Structure formats: C-alpha cells, structure tokens
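**Student:** Sending over a structure as structure tokens; questions will come in a sec.
The values are calculated or read from the model by the stated rules, or taken from the named source; none is laboratory data. All figures in this text were calculated on a predicted structure; none of them were measured in a lab. Using ideal geometry, Cβ is built from the backbone for each residue, glycine included, and neighbour counts are taken over all protein chains shown. Areas reflect the complete protein model, heavy atoms only, side chains present, ligands, DNA and RNA absent. Shrake-Rupley method; radii C 1.70, N 1.55, O 1.52, S 1.80 Å.
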Amino acid sequence: MKRTALLLWFVAVAVLLAANSVVCYVNVRKLIDHSAYVSRSRETIFALDRLMSALKDAETSERGYVITQDPTYLEPYRESIAAIKTESRALDDLVPADAPQQMQVTALRALADEKLEILLKVVEIRDRQGFDAAKSAIQYGIDGRPGAPLRNGKRVMDDARTVSENLRQTEKRELDARQAERDTASTTATATLIGAGGLNVFLLIGLGVAVYRHVSARAAATAERERSARLAAEVDERHRVARTLEALNQKLETSNRELQDFAHVASHDLQEPLRKIQAFGDRLQKRFAGVLADDGRDYVDRMQNAAGRMQTLISDLLAFARVTTKAKPFAVVDLNTVTRDVLSDLEARIESTGGTVDVAPDLPTVEGDPTQVRQVVQNLISNALKFRKPNVAPHVRITARVLGLVAPPEGATDPTVTRTPHPLVEISVADNGIGFDEKYLDRIFNVFQRLHGRHEYEGTGIGLAVVRKIVERHGGTITAHSREGHGATFVFTLPLASVGAEVAPTSA
C-alpha cells in the first residue's frame, strides 16, 4: 500500500511538473508573440515614414531639375523611385491582407505611383517645352491650363499625406494596444515562472518527505533477522531516490540556465538591428542632410534619439542580469580607493555641474565583489549629480560607520555570504537635490520605476534596481530618507572586512 502511495506521489509530481512547464511555455509564447506584434507595428510606421520621405525627395529633385535643368538633380529622383517601391513592398508584407489598413496601403501605393508619373511628365515637359511650361504644369496640372481636370502634383501629394497620416494613426493606436498587451503578458509570464518555480520546489520537498517516510516505514517494519538485507535494500533505495532527485534538480538548474541564456541572448540579438538603425541613420544625416526637408531631418533625429535610448536600456538590462550571471568571488575592498576612482571617472561631470563631493576620511574596508561595490558607489553619486535643483550646484556627502554584529537578511543571494552575525559597514550618500516623497520609497528600487519623465531627467529606471540587487547579493540592505525639495540620503550596508586581510585591487 505504501509503495502504491509513493508511486502516486511520483505520478502526481511528474504531472504537475509537466503542467507547470506547459503553463510557462504558453505564457512565454504569448510574450514573444505580443513582442512580435509590437515590432511589426513599429516597422510599419517606420516604412510609412520612409515612403513619404522618399516621395518628398523625389518631388524636391524634380523641382531642382525644373529650375536648373541640371541632370544631377535627377539622381535623388531615381534613387527615390527604388526606395518607394521597396517601402511599398515592405508595407504590403507588414500589413496582413485581411487587415483594414490594407485598403489604406493600397490607396497610398496608388497615390505614390500617380505622383511619380506626374513628376516624370513634368520632367519631360521641361525637356521639350521649357521652364514656363513645366512651371505651369506644376501649378495647374499636366496640360498647363488653370482649372484643368487633371490633378496636379500638389493635390496628389496632399492626398498621400492624408492617407499616410490616417494609416500612421491607425498603426499608432494598434501599437499602443499591443504594447499594453505585451506588458500584461510580461507580468503574467514573470508571475507564472516564479509561481511554477515555488510550486516545483514544494513538490520536490513533498516528494523527498514521502520517500523518506517510505524508507523509514520499511526500516521500522523489518525484523532484526532481516536487518542486513533490509539495510542493503535501503541503501539501494536511497541511491535510486537520490539519483532521481539529482536528475530533477539538474533539470531545474538547466531550465534556469536556459532562461538566463534566453534573456542574455535576446538582449544581444536586439542590439544587432538597433546597430543597423543607427548606422543607416548616420548615413542619412551625413549623405542626405542637404536634400532632406526640415521634417525629414527631424524624423532622422528622433529615430537616432530613440535608438540611443534603446541602446542605453539594453545595456542597463544586461547590467541588471550580470549582477548574478557575471558575479566574481568576494575579496577585501578598500572604500577609499573605490570612491577615489569613481570621482576620477566622474570628474568631468562634476565640473560641468559645478558640484562638489565631500568624502569622509579613512573609509573602512568591506568584503565583496570589487566591481559591483564600485558600481553601487558610482550609481549613487551619479544619481545625486543628476537629480539636482535648477540653478543650484549639487553637493554630495559620503560617510560611513561600523555597526555591531548583525545577521545578514534572508534576501542574501550569494553562497559566500555567512549566515552568522557579522560586523557591517553602513555607508551614506547624501545630496542637496530635488529629493522625493518617501511614500515612493519601495517604488524607486524596482526595475523601470521612475518618478520623473525621461524628458526631465535622463535614465532608464534600472540604476537603483541594480544597486539594490548588488547590496542584497552581499547580504546587506539599502534604504533612503528624503523630502521633496530637501535632498535625499541613501543608506546601505556591506559586510566589514576581516582584520589583517589583504586588500584586493579595486580599480578594475
């Protein structure tokens, strides 16, 4: 009967593990699909902008030729024809055939073809009949008479702008909706993964308990005269169970590594198309700055700015992931050296803001990852310089004190952190900046959480999340004290270095 119960436990664990895997896969798949929809909407808007920009380039080229009859003005016109065809095909591919926007794409493509035909006819009129005839054709229509029934190029271009703007607004609404769906899917996927991981651990513990009780029950029920045989059977059973548990643990570890690799590779794969966007944007700015209209140059500038923000966001996400994936062994770190090196790196920024940084003498040494300790100090000083009051030079004060024996919190994630009470160092970074309302204290340490728009202060909202993750990895805590308009003080703890230990280099 007990063997049957154990078998049922195994079956239940296997079924639940399989169900957890399916649920996780479905939610991750939804997240990937929603991300693809968002990318498609963005690509549609970009293709639309490129198509309209090519039409304007063709029109500008035609005007230049009509005025000067210089054949070199027609080179951008010919390039624009190829670009218009390319972007028209791209819009066809990006917009599904059964989507309502397909009618707008068809109308825009027809207007683009009509506009190119009018431009070509005007060029032919300029060659055959001269400047005045071409001017009249541009102003009134192809036959050159006021009130002519044929539409002139301006009306066609106005219609194309109208259709383009309608399509852009439609795609923008879909983009906003899909981004919201993607964010919801991301939250659901994260919660599902965390819940599934916790449930898996619970099931494995229950399985281990059931196995242990099964083995113990068999041992108690076996007679003394069968002790040797029973002990041998118990050893075999425990080995078998240990191998089973080890295999399950290895699967869980492999799954966790694959999830981390997925996030790392996804972030790197995002950078490849981003680099292409930046490279082609640079080419547009360098080679066609003279022929682009004001709004065309504005589009390119906004595209480059958005690409730069995306590059920063990806770099910050990788920095957040590397807190655990690229962690180094703990060593003795001299806070004096760390602070001095950080201030050297930030020297230009401090001078540009007119700021000052006061550092208490003889800061203590701590045990930790030298690179990550430096990252904490640099992020907090950079924030103090960034969130300054208008027309007020920033002033930063760094102090430290040694606390008594304190047990590391349960949140410590590094296996080298001792679980016994240990002396801690409390470091404070205070500033005279804009401060914040302490009701947002928990929010500021979360990923992507910002109290101000990016137009007010630069950044991605990841820096303080990285700081908290590093501090908790070291078995410390971090908090802040502030009032709006009265500066902020960030206080964090790190383990004190052992007396007599050799100080590790911290400039790397």
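**Student:** Once you have the Cα-Cα distance between LYS85 and ALA133, take 0.36 nm times their residue separation minus that, and quote the gain in nm to one decimal. Present the calculation step by step, with values, prior to reporting the outcome.
**Tutor:** Numbers: separation 48, 0.36 × 48 = 17.28 nm, distance 2.89 nm.
Full extension from LYS85 to ALA133 adds 14.4 nm.
**Student:** Also, I was wondering about something else. Quickly rank 224-231, 481-488 as a protection proxy: mean count of other C-beta atoms within 10 Å, highest first.
**Tutor:** On the way: 224-231: 10.4, 481-488: 15.9.
Most protected by this proxy first, the peptides run 481-488, 224-231.
**Student:** Dividing the convex hull volume of the alpha carbon atoms of the stretch 43-194 by its residue count, what do you get in Å³ per residue? Numbers along the way, then the final one.
**Tutor:** Numbers: hull volume 17.5 nm³, N = 152.
For the stretch 43-194, the hull spanned by Cα atoms encloses 115 Å³ per residue.
**Student:** What is the packing order of peptides 332-344, 175-187, taking the mean over residues of other C-beta atoms within 10 Å and listing the highest first?
**Tutor:** On the way: 332-344: 19.2, 175-187: 15.7.
Sorting 332-344, 175-187 by mean packing, highest first, produces 332-344, 175-187.
**Student:** Moving to a separate point now. For the pairs LYS328/LYS439; LYS439/LYS469; LYS115/LYS172; LYS286/LYS386; LYS251/LYS328, note any where the Cα-Cα span goes beyond 28 Å. Don't skip to the end; give the middle numbers.
**Tutor:** On the way: LYS328/LYS439 35 Å; LYS439/LYS469 21 Å; LYS115/LYS172 26 Å; LYS286/LYS386 32 Å; LYS251/LYS328 25 Å.
Cα-Cα > 28 Å for LYS328/LYS439; LYS286/LYS386; rest within.
**Student:** Considering only protein heavy atoms, what per residue accessible area in square angstrom results for the stretch 65-202 with a 1.4 angstrom probe?
**Tutor:** On the way: 7750 Å² over 138 residues.
The answer is 56 Å² per residue.
**Student:** Now, a different point. Figure the gain on full extension for THR188 and ALA97 (residue separation times 0.36 nm, minus the Cα-Cα span) and round it to one decimal in nm. All intermediate terms of the calculation are to be shown ahead of the outcome.
**Tutor:** Working: separation 91, 0.36 × 91 = 32.76 nm, distance 3.08 nm.
Length difference between fully extended and current span is 29.7 nm.
**Student:** Kindly state, to the nearest 0.05, the FRET efficiency for ALA348 paired with PHE288, given R0 = 35 Å and r defined as their beta-carbon distance. Please report the intermediate quantities before stating the final value.
**Tutor:** Numbers: r = 33 Å, r/R0 = 0.96.
It comes out at approximately 0.55.
**Student:** Where the only charges are on Cβ atoms (+1 Lys, Arg; -1 Asp, Glu), what is the dipole of the stretch 18-160 about its Cα centre, to the nearest 20 debye? Walk me through the numbers before you get to the answer.
**Tutor:** Numbers: 20 positive and 22 negative charges, 49 e Å.
The dipole of the stretch 18-160 has a size of about 240 debye.
**Student:** In square angstrom, rounded to the nearest 10, how much accessible surface does TYR25 have for a 1.4 Å probe?
**Tutor:** The accessible area comes out at roughly 140 Å².
**Student:** Further question: Take the Cβ-Cβ distance between ALA247 and GLU226 as r, set R0 to 35 Å, and report the resulting FRET efficiency rounded to the nearest 0.05.
**Tutor:** Details: r = 30 Å, r/R0 = 0.87.
My answer for the efficiency is 0.70.
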